[in-house]
Each structure stands twice: as C-alpha cells, then as structure tokens.
Amino acid sequence: MKRRKFITLAGAGVAGSTLLAGTFPTQSGEITLTFGHGSDDSGTIQVVIDKFNTRYKGKIRVTWKTLARESDTMHRQLVSNFNVESGEVDVFSADVPWTAEFSSKEYIKELTKGFYRDYTPEDFLTNTLKSTYYNYRMWGVPWYTDIGMLYYRRDLLAKSGFNSPPKTWSELSEMAIKVMADSGTQHGYVFQGADYEGGVANALEYIWNAGGRVLTGNISVAGSFGQRVIDPNVITVNSSNAAKGLDEVRTMISAGVVPKVVSEFRELESWEAFAGGNAVFMRNWPFAYGNLDNPELSKISPDQVGIAPIPVSSSSNRSYSCQGGWNLMINAYTTQEKQQAAWKFIRFMTAPEQQKYMALNGGFLPTYKSLYDDQEILAVMPSIRQGKEILENARVRPITPFYQQMAPRISRTFNRVLRGEMSGRLAVQTLEKELRIVLRKNR
C-alpha cells in the first residue's frame, strides 16, 4: 500500500471531519498558496487573483506560477511534480480530460462533500460538471469552458450570394470555392491539424460529426453525484462512419479548400490566417472572437464574422463540438492547512461575479448557466448566445485514466491523414490497434 494511501486511511476519521469544512485554520501567519495555470494574454486572471489577495489580506496570499500554455506540456509539468509527491503547486487548473487520470492516481483531493455543500450543481452547464466527475465522486470545480466553433466571413458569404453558414462539409466546400474565386481569399478553411492536443479535438469533431465514436463505455448515473464510467475502455473507432469523417477533411485538402500547411497549424496559426483576411472559414475556440476587435492584430472586425456549429458529413448527422475548458483542483500532496485555503480560493475564482468579469474582460466562456443570459455580457460578447447553443451539443474527450496515452496516437493518426499518408479507412484501423495496445499494457 502506498505510504500516502496508508496515512489517508489511518487519519480518515480526523481529516474527513475538517477538510473543506469552511472553517479557517487557527494560526498567526499568512498562508501562501501557489496557483498553477498557463499564461493569460488578457491579464484578466491576475486581476481576479489580486482581488482575492485583497479580500483575504493577512490570511491567504496566492502567487501565480505560470505553467506552459499548451495542454500537453502543462500536463507533463504537473505530473513530474506529482510523481515526486511535491506540494510545490497547491491549487491548479486542469484540462478537462485529466480528471480520470489524476483521480485514479490519487494526485488530487476529492471535493465531493465541499462542492455539494457550497454549490448548487444545477447552476452549472451540465457538460462542464461531467468533466469533473469520475467514479461517483467529484474532483474539481468548473472554472471556464471552451468549445469548437465554426467562424465564417459573413460579409464575403453575402457578397457571393450565401445567406447562411454551411451545415455540411460539402456545403462548406461549395461556399469556400465560390467565395475564394469571387474575393481572391487565399484559403477556404483553416483549423488545428498539428500533432498535439488541439489536433485531438479537431479529429474527434470530424469523427463524431460523421456518426463515429473513438471510445465508449457502460455508463451509470448516480443522481446528483454525476456519472461513473464502469468500463471506459470499449474502443469503437474502427467504423465506416469514423473513416468517412476523416476522408471528408482529406477531400477538402485535395480540392484546395483546405491548405496543405494546415497539418502544421495550431490555434495561433489558424487565427492569424483568418484574422489576416486570408481564410473564409475557421474552426477555433471562443477566444478567437474576442481578439478580432484589436486593429493592431486583426485586419477584419467582429461585425464581418459569424459563428456557427461545426459542419457534419450528412444533413442527417448531429453536430458535435469538442468541449475544452479548465477545472480547478487541489493537489493531494499539499498540506491540509493549504488544502482548506485552496478551497476558499476555488470558491472565489469560480463565483459568478468572477466568471462574469473574466467573460467581459478576457472573453472566457463561463460555466454558470445564468451568465449566458446576462445582458451586459451579451452586449460585449454577442457570440456567447451562439456559444450556449453549441455547448448543448458539446462532447467531452474520452473519459479514461489512459487518455494521456491515447491522445498522442489520435493526433498523430489525424496528422498523417492530413499529410496524405493514410486514408480514413487505414487510419481508423491503425488507431483501433494502437488504442487496444494501450489498454493491454494497462491491465
């Protein structure tokens, strides 16, 4: 039995009655917490942290340790600390696919009792809550969310005679070809095709929107305690629908709608092409809209841009967007005293007033349902109304403790399809084999 597991069980009677009980530890000094999160170009998050430090002056002080911007690298940074049982980072943000892995490896503190005491679950968007649950228990609190969106040049489509955005990939191709010819725009459609975590999200959307799935499981629902994945390891990617979804994107590359260089594009490269006026359509996250009103960065204005759901392979398919976003979690290796302080920090950061400030000033999508009807937010972010509709059809990435081993295989296979090295059929066959190998190694 792990040393920490033994200590946890031995002290359960004492620790279980005090942890996250909402009481402040008795001591003379100020508790210093280290918060781990990636960079924020808007400066919004630091302002919110400063507000917390002002409110709890003399009791708790939070310092921000800036972690890597990209999810993959940030994950490695955190795990390297967990593996040596380090409490260097007391509270941190976690990408939504990490919950199953971090909880099963006992890296994080369970928050079930504290959450149901201090929050009302119904206040949150359903899909954001799902990303915090694993095995009947809750391990994080939804902070802000992300979803894949289709951005399009509303003005260029109108000039070419199109009154609404495309609903299928074939419609997108048809529109893109005509608009490119009419306006001289360089690219028809850009997205994130590089071999990294963003490529996983894009690959899943192509597969889902053709009726395919990568991984499924037997799921039971336990009332307010969310979902428990009993067997999250049923690989279903090797299907004709999944193959069709991947073939769709290769066809668009062959037709010149999608540039070949998209296999190297991440969020920034996609945004620069679109904001520079060099693309008709773009798949990206919500942040992309907020930056369009900066004339120093963008050659187009928000008024020229529309937002729509991700297209599908057939009109009979349902449109799904990959859900991103970040949850706040507590490091299980930090002291109990700091865990209590960290809970106060989480409650502050996830409160509606902080989420509203982050939405207004940083373009972050809130996890509270009520904020999607907030007139002040809607006035500044008209895209948020469309975002709420898209969020209703969002899907989380595969829920499995082995996600971090599966994700690189998904992004690499998708990247090979974009480069013309694999057909959709070969890609899903290869991916099925590789994911099964991951399962065998972990059983």
Looking only at the stretch 259-291, which residues are under 17 Å from Gly184 (Cβ atoms) and either without any contact (Cβ under 8 Å) to a residue 12 or more places away in the chain or crowded, with 23+ Cβ neighbours inside 10 Å (or both)?
Phe274, Ala279, Val280, Phe281
Exactly one of Val89, Val84 is more than 22 Å from Gly290 (Cα to Cα), in contact with a Ser or Thr (Cβ under 9 Å, 6 or more places away or on another chain), not in a helix (DSSP H, G or I) and not acidic (Asp, Glu), and that one is Val89
Yes or no: the stretch 71-85 includes at least one residue that is within 18 Å of Glu30 (Cα to Cα), surrounded by fewer than 20 Cβ atoms within 10 Å (Cβ to Cβ) and not hydroxyl-bearing (Ser, Thr, Tyr).
no
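Quick check on Val438: is it in contact with a Lys or Arg (Cβ under 7 Å, 6 or more places away or on another chain), assigned to a helix (DSSP H, G or I) and β-branched (Val, Ile, Thr)? Can you show your working first?
Details: in contact with a Lys or Arg (Cβ under 7 Å, 6 or more places away or on another chain): no; assigned to a helix (DSSP H, G or I): yes; β-branched (Val, Ile, Thr): yes.
No; evaluated as a whole, the condition is false for this residue.
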Conditions (1) in contact with a Leu (Cβ under 9 Å, 6 or more places away or on another chain); (2) surrounded by 23 or more Cβ atoms within 10 Å (Cβ to Cβ); (3) more than 23 Å from Arg137 (Cα to Cα); (4) of a type outside the set (Phe, Trp, Tyr); number of the one not met by Arg425:
(2)
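What are the residues in the stretch 333-381 that are assigned to a loop (DSSP other than H, G, I, E, B) and farther than 15 Å from Phe287 by Cβ, if any?
The answer is Tyr333, Thr334, Thr335, Thr350, Ala351, Thr367, Asp374.
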What about Tyr333, is it modelled with pLDDT of 95 or more, over 27 Å from Asp72 (Cα atoms) and touching a Ser or Thr at 6+ places or on another chain (Cβ under 8 Å)?
no
Determine, yes or no, whether Phe102 is in contact with a strand residue (DSSP E or B) (Cβ under 7 Å, 6 or more places away or on another chain) and assigned to a helix (DSSP H, G or I).
yes
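Filtering the stretch 363-383 down to residues that are touching a strand residue (DSSP E or B) at 6+ places or on another chain (Cβ under 6 Å) and hydroxyl-bearing (Ser, Thr, Tyr), which residue is nearest to Trp326 (Cα to Cα)?
Here the residue is Thr367.
Okay, residues lined up against (1) without any contact (Cβ under 8 Å) to a residue 24 or more places away in the chain; (2) out of contact with any helix residue (DSSP H, G or I) (no Cβ under 7 Å at 6 or more places or on another chain):
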site: Gly161; (1), (2): yes, yes
site: Trp169; (1), (2): no, no
site: Ser173; (1), (2): no, no
site: Ala176; (1), (2): no, yes
site: Asp182; (1), (2): no, no
site: Ala203; (1), (2): no, no
Taking the condition in contact with a strand residue (DSSP E or B) (Cβ under 6 Å, 6 or more places away or on another chain) and part of a loop (DSSP other than H, G, I, E, B), does Ser319 pass?
yes
Reported set for the stretch 45-77 where residues are modelled with pLDDT of 95 or more and β-branched (Val, Ile, Thr) is Ile45, Val47, Val48, Ile49, Thr54, Ile60, Val62, Thr63, Thr66
Checking Asn291 against (1) in the same structural domain as Ser104 (by TED's automatic domain parsing); (2) under 23 Å from the mean Cα position of the chain (by Cα), the condition it does not meet
(1)
Just checking, how many residues over the stretch 251-303 are part of a loop (DSSP other than H, G, I, E, B) and of a type in the set (A, V, I, L, M)?
5
Where the second residue is in a loop (DSSP other than H, G, I, E, B) and charged (D, E, K, R) and the first is farther than 16 Å from Leu172 by Cα and lies in the stretch 238-258, which pairs have Cβ atoms under 8 Å and are six or more apart or on separate chains?
Ser239/Arg213; Ala242/Arg213
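Here's the yes/no breakdown for (1) buried (at least 24 other Cβ atoms within 10 Å of the Cβ); (2) closer than 19 Å to Val312 by Cβ:
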site	(1), (2)
Tyr119	no, no
Ser131	yes, no
Thr145	yes, no
Tyr152	yes, yes
Pro166	no, yes
Are any residues in the stretch 86-101 farther than 14 Å from Ile330 by Cα and surrounded by fewer than 22 Cβ atoms within 10 Å (Cβ to Cβ), and if so, which ones?
Glu101
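Of the residues Gln386, Gln375, which single one is surrounded by fewer than 22 Cβ atoms within 10 Å (Cβ to Cβ) and modelled with pLDDT of 85 or more?
Going through Gln386, Gln375 in turn, just one is surrounded by fewer than 22 Cβ atoms within 10 Å (Cβ to Cβ) and modelled with pLDDT of 85 or more: Gln375.
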With respect to Thr44, is the statement that it is surrounded by fewer than 22 Cβ atoms within 10 Å (Cβ to Cβ) and under 23 Å from Tyr333 (Cα atoms) true?
no
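The values are calculated or read from the model by the stated rules, or taken from the named source; none is laboratory data. Here the structure is a predicted model, which is why all the values come from computation and not from measurement. Cβ: placed from backbone, ideal geometry, glycine included. Neighbour counts: every protein chain shown.
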